[in-house]
Amino acid sequence: MDQSTRKLIDKFSPMWTNKQIWEFEQINEELRFDIVYAKPGEYNKQSWKSKLAFTDSEIRDVTVRTFDNLIDGNELWIASKGQDKLDNQHIPYLMAVMADIMIEEEICLNFRLEEGYLAVAIDSNADVIDCKEFFEGFYHLATGFNYDTDTGIPDDETEAEIYLTRLQEEFDEKMKERLGDKYLPGNNDPDTISAK
């Protein structure tokens, strides 16, 4: 993970949960962005006149429809609609949404703030450790846990273990249905690995 991405994740941690994303979108029903793709190092004001510019757009829709532009090595530059810059309150929202879009494909991203925009690119240099580190920063997207708030986990250690085991079993069941034999159950006790 590059330094600018790490700094932004650290600055806005804990990153938003899917529930927070949904609530933000409900409160801000007209949430739209100006979005443009540009080759690394080639963004300028003229980029907004290209066919790779999408003004007054919904971020998830445009990213999914135009994903090949990221795959081709372009950077996605995002500004708040009509403002020629990004409102700071939108930064953690956009980072969480972009990570959520990429979770299924396990594609790591680089984020940076430049010229008032959030620039997003696929991290083509990421190895397995980098990707693990990146998605750990967004772990709560899947779990819904926000460690700064009450998670609903019982205080009693035995009850907490039962509760978390049940959650893990439900998650494992869903993943086994989806992935079959490819799925390796998570959160095993260390002795489970060496057990015969």
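No lab work stands behind these numbers, since they all come straight from the coordinates. These numbers were taken from a predicted model, which means no experiment stands behind them. Don't worry about glycine lacking a Cβ; one is built from the backbone with ideal geometry, like all the others, and counts go over all protein chains shown.
Things to note:
- Amide proton proximity set for ASP87, modelled H, under 5 Å, gap of 5+: SER80
- As computed over segment 48-133, the Cα convex hull volume per residue (Å³): 102
- Ordering of 67-79, 10-22 by burial proxy (mean other Cβ atoms within 10 Å per residue, highest first): 67-79, 10-22
- Stretch gain in nm, segment GLN89-LYS11, where the contour uses 0.36 nm per residue and the Cα spacing is subtracted: 26.8 nm
- Burial order of peptide ranges 31-41, 49-59 (average beta-carbon count within 10 Å, highest first): 31-41, 49-59
- Annotation: amide H of ASP123 within the under-5 Å range of CYS108, LEU109, ASN110, sequence separation 5 or more or interchain, hydrogens built in the peptide plane.
- Nearest-20 debye value, segment 1-58 charge dipole, Cβ charges on Lys, Arg, Asp, Glu: 380
- Only one residue of ASN69, GLN26, ASN44 has its Cα farthest out toward the positive end of the dipole of segment 10-77, where Lys and Arg carry +1 and Asp and Glu -1 on Cβ, and that residue is ASN44.
- Placing a pseudo-label 7 Å from each Cα along the Cα-to-Cβ vector at ASP155 and VAL64 gives an inter-label distance of 4.3 nm.
- Restraint check, LYS39/LYS176; LYS39/LYS85; LYS45/LYS132; LYS81/LYS132; LYS51/LYS174; LYS49/LYS132, Cα-Cα greater than 29 Å: LYS39/LYS176; LYS45/LYS132; LYS81/LYS132; LYS51/LYS174; LYS49/LYS132
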